[in-house]
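Only one structure is covered here, and it is reproduced in the block below.
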Amino acid sequence: MALLKDKDKEMLKEEFKKLEQPVKLVVFTQKMECQYCAETRMIAEEISALSDRISLEVYDFEADAEVAEHFNIDKIPAMAVTKGGDQPKDYGIRLYGIPSGYEFSTLIEDILMVGRGDSGLTAETKSYVANLTKPLHLQVFVTPTCPYCPRAVLLAHQLAFESDNIRGDMVEAIEFPHLSMKYQVQGVPRTVINESVYLEGAAPEQMLMAKVQEAIAA
């Protein structure tokens with residue numbers, strides 16, 4: 001049974017005509033003991049079938065452990081949105097948990113961003129992250145029913161797109177309760193930067209960058 005409705009498929013086909021460079025979805029799943037693994041794979045399969053500019057690779061988290069380690073995948077279901085084609089590139093864009101509900105739009109925005117080759121961030125932000133020498137890890141905790149979460153996740157993914165030193169993770173709070181407890185997630189979105197700096201809500205770019213600078217200086 002298809003997860004996407006026919007009208008949504010047609011709309012996405014039109015959107016994907018805007019892709020200027022190939023996009024590859026890399027999915028990590030497991031046949032046993034993984035909530036929403038099958039559904040996450042199905043979403044990726046249905047999306048990749050809508051455009052010849054989108055390809056898909058699916059790996060088993062345990063059987064393909066070397067690939068998972070290469071992509072720094074430590075939990076499933078997981079998806080990396082990367083550049084495909086003859087010059088592939090991993091931008092550090094990750095989605096942990098099923099990209100459903102409002103987070104489905106995040107996945108689509110990620111694909112469109114990678115496909116057009118531009119993050120859409122301000123010139124000032126691009127310049128700052130281009131000169132980063134320290135690693136930066138942003139984890140954005142979300143739930144599928146949170147209408148404000150996609151903006152926070154996309155901003156983290158935009159930063160990851162701009163710098164090899166940045167990783168941006170969407171983390172579905174309900175699917176990974178141990179992480180929600182570790183980072184004291186009581187509301188979403190909650191962005192955790194380098195394990196020590198926190199930001200609540202869907203903050204604008206300038207506010208997030210102030211927190212990023214705080215984390216880098218720590």
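Just so it is clear, none of the values below were taken in a lab; they were calculated from the coordinates. All values reported here derive from a predicted model rather than from experimental measurement. A quick note on method: Cβ atoms are made from the backbone with ideal geometry, for glycine too, and the neighbour counts reach across all protein chains shown.
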**Message:** Can you give me the Kirkwood hydrodynamic radius for region 1-59, using every pair of distinct Cα atoms, in Å to one decimal?
**Reply:** 12.3
**Message:** Can you compute the FRET efficiency between residue 213 and residue 72 using 1/(1 + (r/R0)^6), with r the Cβ-Cβ distance and R0 = 30 Å? Round to the nearest 0.05.
**Reply:** 0.80
**Asked** Could you put 67, 212 in order, starting from the residue whose Cβ has the fewest other Cβ atoms within 10 Å?
**Response** 67, 212
**Prompt:** What is the order of 52, 110, fewest Cβ neighbours within 10 Å to most?
**Reply:** 52, 110
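In what order do 190, 94, 53 fall by count of nearby beta-carbon atoms within 10 Å, going from fewest to most?
Going from sparsest to densest Cβ surroundings: 53, 190, 94.
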**Fill in**
The answer for residue 58, listing residues at least 5 apart or on another chain whose modeled amide H is closer than 5 Å to its amide H, is 27
**Fill in**
Taking Lys and Arg as +1 and Asp and Glu as -1, residues besides residue 17 with C-beta under 14 Å from its C-beta add up to 0
**Complete:** The longest stretch of the chain containing none of the GluC sites (Glu not before Pro) that sit in a DSSP loop with at most 13 other Cβ atoms within 10 Å is 63-194
**Request:** Using all C-alpha to C-alpha distances in region 43-160, build P(r) with 5 Å bins and read off the rounded percent in each one.
**Result:** 2, 10, 20, 22, 22, 15, 7, 1, 0
**Fill in**
Taking every alpha carbon pair in region 20-103 and sorting the distances into 10 angstrom bins from 0 up to the bin holding the longest one, the percent per bin comes out as 18, 53, 27, 2
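What does DSSP give for the chain in terms of the percent of beta bridges that are antiparallel, rounded to the nearest 5? List each step's numbers first, then the result.
On the way: 18 of 36 bridges.
If I count the DSSP bridges inside the chain, around 50 percent turn out antiparallel.
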**Request:** Any chance you could run the full-extension gain for residue 35 through residue 122? It's 0.36 nm times the residue separation minus the Cα-Cα distance, nm to one decimal.
**Result:** 27.6 nm
**Prompt:** Given Cα pairs under 8 Å that are at least 6 residues apart, what percent is the relative contact order of region 20-103?
**Reply:** 38
**Answer label, with mean projected area of the Cα convex hull in nm² calculated from the coordinates and candidates (i) 11.9; (ii) 10.5; (iii) 16.2** = (i)
**Asked** In a GNM of the chain with a 10 Å cut-off on Cα contacts, which of 104, 141, 61 has the highest mean-square fluctuation?
**Response** 104
